[in-house]
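The values are calculated or read from the model by the stated rules, or taken from the named source; none is laboratory data. Only a predicted model underlies this, so the values are computations on that prediction, with no experimental measurement involved. All Cβ positions, glycine included, derive from the backbone under ideal geometry; neighbour counts span all protein chains shown. Note: areas computed on protein heavy atoms with side chains; ligands, DNA, RNA excluded. Shrake-Rupley method; radii C 1.70, N 1.55, O 1.52, S 1.80 Å.
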Amino acid sequence: MCYKGRNVFAGFEGDDAAEPLEQVTERIFSVLNKYAPEAEKNNLLVIVVAHGAILRTLKDALGNLEPMKLGNGAINIVNYENGEFSLGQWNIMPQDFEKLQ
């Protein structure tokens, strides 16, 4: 849990040794960078399943700082092309996903 985000939990009394937001962001991109280049090369998709805190951190790191409540089970698309990540459509509910295809 990142230090800045821990206050969302009522009554949280953890110590100040929580993982810094910058470290969380680095950890997210280290995983994405491990798989995205090979997927792009072979025209494949990478599916990531994560909690909302990770998804919000990813969204913010890619430039969308707009506060947003993510729906449970929402589909969030991150594009990868020529070594660069960008946000695609975000917070799509599963029943709406077929409409995009």
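Assorted remarks:
- Residues being aliphatic (A, V, I, L, M), free of Cβ contacts under 8 Å to residues at least 24 places away in the same chain and not in a loop (DSSP other than H, G, I, E, B) - total across the stretch 73-100: 3
- The condition (being under 11 Å from the mean Cα position of the chain (by Cα), surrounded by 10 or more Cβ atoms within 10 Å (Cβ to Cβ) and modelled with pLDDT under 95) is satisfied by just one residue among 50, 18: 50.
- Qualifying residue in the stretch 22-35 (condition: open to solvent by 50 Å² or more (accessible area, probe 1.4 Å), part of a loop (DSSP other than H, G, I, E, B), modelled with pLDDT of 85 or more and not charged (D, E, K, R)): no
- Where a residue in the stretch 45-72 is free of Cβ contacts under 8 Å to residues at least 12 places away in the same chain and its partner, wherever it lies, is surrounded by fewer than 15 Cβ atoms within 10 Å (Cβ to Cβ), with Cβ under 7 Å and at least six apart: 45/39
- Residue within the stretch 67-80 that is within 19 Å of residue 24 (Cα to Cα) and loosely packed, with under 14 Cβ neighbours inside 10 Å present: yes
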